[in-house]
Amino acid sequence: MGLRYADLSAWRRWQRRRHPLRAVRGRLRPVRTAGVLTRGSAEADLLVVLDGLSPSNRAALLAPVAALAPERVAVLSPVPVVDLLPEHGWSEQRWGDGEPLGPVSAVLTAGHYLALGAVGHAEARRRDVPELVVQHGLLTPLAPPLPPGATLLAWSAADADFWGAERAEIVGSQLLHDAAAHPAPATASSPPLTYLGQLHGAELPRRDLAAAAEAFCAAHGATYRPHPAERDRASRRTHARWEASGMTLDRSDEPLSALTGGVVSVFSTGVLEAAARGLPAWVDLPTPPAWLEEFWDRYAMRPWGSDPTPAPARPAVEPARAVAAALEAIG
């Protein structure tokens, strides 16, 4: 079992079918690719490209910068990131598609499926320099394909095989490394379970995800924690209906690292983050499809009713340092 779409064009067609109104707006009002270019010096030649500042992107792409000589680093991002970088005399400028990026000897991205990642990939191809793609999340069959010719920096050998990588190094996950570095405090009481919502997930029908969450929270008194992407109208209506029925929702916006009780979800990375912190964590879905059972097995996620998910193994070298070393070695 592997990716459903082996080439980017097919994956993008699926995305357009999934979001038809967004696709129409994009055709009617095409947006010029733009971002912020942050450079450690005029000679900065290691280009790090990220399309968003989610915790997973920051761990995968920004954390390695701390292990690199800042004079060699350039970061292309959608918004300013100076406050997230090590202290240094960084220069910062607005950047637009087609404008120069300065010298580039290697490129680090999370893939070429979004706008700035595509710029990084095109720059690597145009200059004929190495491109590294660092894994930043869990892989389902609907993950986008890897850029042709790129070297994957994967969480595990199983993920590299699943993604169909021709060239790969196994570096582990900085996200999970950081979670393990902040173990949950011991508590005298047993806090209620938290159900990590995933109504935004494209891999399974929304009605199935909603039904599973509602049934589990009702049966076990769990608190539902909406995913940050659950801001669409349909999700908000579902949340309101649940609250009206007496279901508890966590609207605190506190980070996952603040949780002190057990965690349950369908296929959220938060299950592994909780397990890394020493919290009991499980997955649950009635009659899961074959791909989901394979997913649970690949990440050693344990179904509800069994022993909790074990803490992920920690690599000998911190993943961010391994990513930085790989980038320096080829750049």
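Using the C-alpha gyration tensor of segment 183-331, what are the square roots of 5 times its eigenvalues, in whole angstrom, with the largest one first?
28, 19, 17
Taking θ = phi - 60°, what integer Hz values does the Karplus form 6.51 cos²θ - 1.76 cosθ + 1.60 yield along segment 201-217, in sequence order, with x for Gly and Pro?
Karplus-based 3J(HN,Hα) across segment 201-217 equals x, 8, 6, 9, x, 4, 4, 5, 5, 5, 5, 5, 5, 5, 5, 5, 5 Hz.
Here are several values of Cα extents along the principal axes in Å: [x] 98, 75, 30; [y] 59, 48, 37; [z] 102, 43, 37. Which one was derived from the coordinates shown?
Label [y] holds the value from this structure.
With just the Cα atoms defining each centre, how far is segment 201-225 from segment 149-170? Give it in Å.
Using only Cα atoms, the two centres lie 32 Å from each other.
What is the local net charge at Pro315, summed over the other residues whose Cβ is closer than 14 Å to its Cβ (Lys, Arg +1; Asp, Glu -1)?
-2
If you line up the long axis of helix 319-330 against the longest principal axis of the chain, both from Cα atoms, how many degrees apart are they, to the nearest 10?
20
If you take every DSSP beta bridge fully contained in the chain, what fraction is antiparallel? Give it as a percent rounded to 5.
Beta bridges within the chain, antiparallel portion: roughly 30 percent.
Helix-derived [θ] at 222 nm for the chain: sum -39500 (n - 2.57) over DSSP H runs of at least 4, divide by residue count, nearest 500?
Helix-only estimate at 222 nm: -9000 deg cm²/dmol.
Using unit Cβ charges (K, R positive; D, E negative) and no other charged atoms, how large, in debye to the nearest 20, is the dipole of the chain about its Cα centre?
1460
Using the Cβ atoms and a cut-off under 12 Å, what net charge is assigned to the surroundings of His177, where Lys and Arg are +1 and Asp and Glu are -1?
In short, 0.
Leaving out ligands and nucleic acids, and using a 1.4 Å probe, what accessible area per residue does the chain come to in Å²?
48
Name the GluC sites (Glu not before Pro) in segment 52-105 that are in a loop by DSSP and that have at most 13 other C-beta atoms within 10 Å, would you?
Counting only loop positions with at most 13 other Cβ atoms within 10 Å, the GluC sites (Glu not before Pro) in segment 52-105 are Glu87.
For the chain, which whole-number percentage of the solvent-accessible area (1.4 Å probe, protein heavy atoms only) is attributable to carbon and sulfur atoms?
53
Can you tell which of Arg72, Arg225, Arg233 shows the greatest fluctuation in a Gaussian network model of the chain with Cα springs below 10 Å?
Fluctuation is largest for Arg233.
Step through the residues of segment 172-184 one at a time and calculate ³J(HN,Hα) from phi using the Karplus curve (6.51 cos²θ - 1.76 cosθ + 1.60, θ = phi - 60°), rounding each to whole Hz and writing x for Gly and Pro.
With the stated coefficients, segment 172-184 comes to x, 10, 5, 4, 6, 4, 5, 4, 5, 6, 10, x, 5 Hz.
Where the centre of each part is set by its Cα atoms, how far does segment 96-137 sit from segment 285-331, in angstrom?
Rounded to whole Å, the Cα centres lie 26 Å apart.
Tell me, what ³J(HN,Hα) does each residue in segment 292-297 have, in order and in whole Hz, if you take phi through Karplus 6.51 cos²θ - 1.76 cosθ + 1.60 with θ = phi - 60° and put x for Gly and Pro?
6, 5, 5, 4, 4, 5
May I ask for the angle, rounded to the nearest 10°, between helix 115-127 and the longest principal axis of the chain, with both axes built from Cα atoms and the value confined to 0 to 90°?
30
Would you tally the net charge around Met1, using a Cβ to Cβ cut-off of less than 12 Å, leaving Met1 out, and scoring K and R as +1, D and E as -1?
After counting each charged neighbour, the total is -2.
The values are calculated or read from the model by the stated rules, or taken from the named source; none is laboratory data. Since we're looking at a predicted model, the values are computed, not measured. Backbone-built Cβ (ideal geometry, glycine too); neighbour counts: all protein chains shown. The protein model used for the area step is the full one, side chains on, heavy atoms only, and it has no ligands, DNA or RNA in it. Shrake-Rupley method; radii C 1.70, N 1.55, O 1.52, S 1.80 Å.
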